[in-house]
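Contents: one structure, followed by commentary.
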Protein chains: 2
Amino acid sequence: MAQKAVFYHAGCPVCVDAETRLALALDPRQFDVEIVHLGEKRGRIAEAEAAGVKSVPALVIAGKPYHVNFGAALSDLKG
Amino acid sequence: MAQKAVFYHAGCPVCVDAETRLALALDPRQFDVEIVHLGEKRGRIAEAEAAGVKSVPALVIAGKPYHVNFGAALSDLKG
(Lines give C-alpha, C1' and ligand atoms only; values in the text may rest on other atoms or scores of the structure.)
Protein backbone atom coordinates (compact mmCIF):
# COMPACT_ATOMS: atom_id res chain seq x y z
CA MET A 1 0.00 0.00 0.00
CA ALA A 2 1.24 3.50 -0.79
CA GLN A 3 2.50 5.37 2.23
CA LYS A 4 1.84 9.00 2.89
CA ALA A 5 4.42 11.63 1.99
CA VAL A 6 3.78 15.33 2.60
CA PHE A 7 5.65 18.01 0.70
CA TYR A 8 5.58 21.34 2.56
CA HIS A 9 6.46 24.50 0.68
CA ALA A 10 5.79 28.22 0.60
CA GLY A 11 5.54 29.00 -3.09
CA CYS A 12 9.15 30.19 -3.35
CA PRO A 13 11.17 29.47 -6.54
CA VAL A 14 13.33 26.91 -4.70
CA CYS A 15 10.11 25.27 -3.47
CA VAL A 16 8.45 25.09 -6.87
CA ASP A 17 11.54 23.61 -8.45
CA ALA A 18 11.86 20.99 -5.71
CA GLU A 19 8.18 20.16 -6.04
CA THR A 20 8.49 19.55 -9.76
CA ARG A 21 11.76 17.68 -9.63
CA LEU A 22 11.46 15.75 -6.43
CA ALA A 23 8.04 15.61 -4.82
CA LEU A 24 6.36 14.73 -8.11
CA ALA A 25 9.19 12.33 -8.94
CA LEU A 26 8.41 9.92 -6.11
CA ASP A 27 7.19 6.51 -7.13
CA PRO A 28 3.38 6.74 -7.13
CA ARG A 29 3.21 3.05 -6.38
CA GLN A 30 5.12 3.65 -3.15
CA PHE A 31 3.80 7.05 -2.13
CA ASP A 32 0.65 9.04 -1.89
CA VAL A 33 2.07 12.59 -2.03
CA GLU A 34 0.20 15.54 -0.55
CA ILE A 35 1.42 19.05 -1.45
CA VAL A 36 0.87 21.64 1.30
CA HIS A 37 1.48 25.38 0.75
CA LEU A 38 2.18 26.64 4.27
CA GLY A 39 1.78 30.27 3.21
CA GLU A 40 -1.84 29.51 2.35
CA LYS A 41 -2.44 26.93 5.07
CA ARG A 42 -0.90 28.43 8.14
CA GLY A 43 -2.94 26.12 10.30
CA ARG A 44 -0.66 23.30 9.23
CA ILE A 45 2.63 24.94 10.24
CA ALA A 46 2.40 23.35 13.69
CA GLU A 47 2.01 19.91 12.15
CA ALA A 48 5.11 20.45 9.96
CA GLU A 49 7.04 21.72 12.97
CA ALA A 50 6.02 18.67 15.01
CA ALA A 51 7.44 16.43 12.27
CA GLY A 52 10.78 18.21 12.62
CA VAL A 53 10.54 20.51 9.61
CA LYS A 54 12.84 23.52 10.07
CA SER A 55 12.65 25.01 6.59
CA VAL A 56 10.84 24.62 3.30
CA PRO A 57 10.81 22.97 0.90
CA ALA A 58 10.71 19.74 2.88
CA LEU A 59 9.26 16.29 2.46
CA VAL A 60 7.96 14.33 5.43
CA ILE A 61 8.06 10.61 4.76
CA ALA A 62 7.07 8.14 7.46
CA GLY A 63 7.13 10.97 9.97
CA LYS A 64 10.71 12.02 9.21
CA PRO A 65 11.69 15.36 7.66
CA TYR A 66 13.83 15.64 4.54
CA HIS A 67 14.78 19.23 3.87
CA VAL A 68 15.52 19.87 0.22
CA ASN A 69 17.89 22.77 -0.41
CA PHE A 70 16.70 25.92 1.35
CA GLY A 71 13.83 28.21 0.46
CA ALA A 72 12.66 29.76 3.72
CA ALA A 73 12.83 29.05 7.45
CA LEU A 74 9.63 27.75 9.00
CA SER A 75 9.92 30.47 11.63
CA ASP A 76 9.69 33.12 8.89
CA LEU A 77 6.36 31.72 7.74
CA LYS A 78 4.75 32.20 11.11
CA GLY A 79 4.88 36.01 11.07
CA MET B 1 12.62 7.43 -21.33
CA ALA B 2 14.00 7.41 -17.81
CA GLN B 3 16.29 10.31 -17.06
CA LYS B 4 19.45 10.03 -15.07
CA ALA B 5 19.52 10.92 -11.37
CA VAL B 6 22.69 10.61 -9.32
CA PHE B 7 22.60 10.28 -5.54
CA TYR B 8 25.91 11.30 -3.96
CA HIS B 9 26.63 10.24 -0.41
CA ALA B 10 29.46 9.43 1.96
CA GLY B 11 28.12 6.52 3.96
CA CYS B 12 27.03 8.69 6.88
CA PRO B 13 23.84 7.82 8.81
CA VAL B 14 22.01 10.85 7.35
CA CYS B 15 23.12 9.68 3.89
CA VAL B 16 21.97 6.10 4.32
CA ASP B 17 18.60 7.20 5.60
CA ALA B 18 18.13 9.63 2.70
CA GLU B 19 19.18 6.93 0.26
CA THR B 20 16.61 4.51 1.57
CA ARG B 21 13.80 6.99 1.92
CA LEU B 22 14.35 9.29 -0.99
CA ALA B 23 16.80 8.11 -3.63
CA LEU B 24 15.23 4.67 -3.78
CA ALA B 25 11.76 6.21 -3.63
CA LEU B 26 12.02 7.93 -6.99
CA ASP B 27 9.73 6.64 -9.68
CA PRO B 28 11.76 4.00 -11.58
CA ARG B 29 9.70 4.75 -14.67
CA GLN B 30 10.92 8.35 -14.58
CA PHE B 31 14.45 7.91 -13.26
CA ASP B 32 17.49 5.75 -13.62
CA VAL B 33 19.15 6.32 -10.24
CA GLU B 34 22.88 5.86 -9.74
CA ILE B 35 24.20 5.74 -6.17
CA VAL B 36 27.74 7.13 -5.76
CA HIS B 37 29.70 6.83 -2.49
CA LEU B 38 32.13 9.74 -2.70
CA GLY B 39 34.25 8.39 0.14
CA GLU B 40 35.01 5.36 -1.99
CA LYS B 41 35.01 7.10 -5.36
CA ARG B 42 36.96 10.28 -4.74
CA GLY B 43 37.54 10.63 -8.45
CA ARG B 44 33.91 11.68 -8.80
CA ILE B 45 33.98 14.51 -6.24
CA ALA B 46 34.88 17.00 -8.99
CA GLU B 47 31.87 15.91 -11.03
CA ALA B 48 29.54 16.40 -8.03
CA GLU B 49 31.10 19.80 -7.35
CA ALA B 50 30.63 20.83 -10.97
CA ALA B 51 26.92 20.01 -10.66
CA GLY B 52 26.70 22.41 -7.71
CA VAL B 53 26.75 19.85 -4.88
CA LYS B 54 27.93 21.51 -1.66
CA SER B 55 27.17 18.73 0.80
CA VAL B 56 26.00 15.15 0.96
CA PRO B 57 23.58 13.52 0.75
CA ALA B 58 22.49 15.17 -2.48
CA LEU B 59 20.60 14.18 -5.58
CA VAL B 60 21.50 15.60 -8.96
CA ILE B 61 18.56 15.51 -11.33
CA ALA B 62 18.80 16.99 -14.81
CA GLY B 63 22.08 18.60 -13.81
CA LYS B 64 20.65 20.42 -10.78
CA PRO B 65 21.60 19.69 -7.16
CA TYR B 66 19.05 18.86 -4.46
CA HIS B 67 20.69 18.73 -1.06
CA VAL B 68 18.80 16.53 1.36
CA ASN B 69 19.30 17.44 5.00
CA PHE B 70 22.98 17.63 5.88
CA GLY B 71 25.48 14.82 6.38
CA ALA B 72 28.87 16.25 5.45
CA ALA B 73 30.31 19.13 3.45
CA LEU B 74 31.83 18.17 0.11
CA SER B 75 34.97 20.05 1.13
CA ASP B 76 35.40 17.66 4.08
CA LEU B 77 35.46 14.68 1.74
CA LYS B 78 38.41 15.98 -0.19
CA GLY B 79 40.89 15.66 2.68
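The values are calculated or read from the model by the stated rules, or taken from the named source; none is laboratory data. Because the structure is a prediction, the values reported are computed rather than measured. Glycine gets a Cβ as well: all are built from the backbone with ideal geometry, and neighbour counts include every protein chain shown.
Within region A:50-68, if we keep just the residues that are more than 8 Å from every other protein chain (Cβ to nearest Cβ) and assigned to a loop (DSSP other than H, G, I, E, B), the residue that is surrounded by the most Cβ atoms within 10 Å (Cβ to Cβ) turns out to be A:Val53. For region A:1-39, filtered to residues that are in a loop (DSSP other than H, G, I, E, B) and without any contact (Cβ under 8 Å) to a residue 12 or more places away in the chain, the residue that is nearest to the other protein chains (Cβ to nearest Cβ) is A:Asp27. Of all residues in region A:69-79, exactly one satisfies the criterion of being surrounded by fewer than 14 Cβ atoms within 10 Å (Cβ to Cβ) and at pLDDT 95 or above, namely A:Ala73. Are any of the residues in region B:15-31 in contact with a helix residue (DSSP H, G or I) (Cβ under 8 Å, 6 or more places away or on another chain), under 24 Å from A:Ser55 (Cα atoms), surrounded by fewer than 13 Cβ atoms within 10 Å (Cβ to Cβ) and of a type outside the set (Val, Ile, Thr)? No, region B:15-31 contains no residue that is in contact with a helix residue (DSSP H, G or I) (Cβ under 8 Å, 6 or more places away or on another chain), under 24 Å from A:Ser55 (Cα atoms), surrounded by fewer than 13 Cβ atoms within 10 Å (Cβ to Cβ) and of a type outside the set (Val, Ile, Thr).
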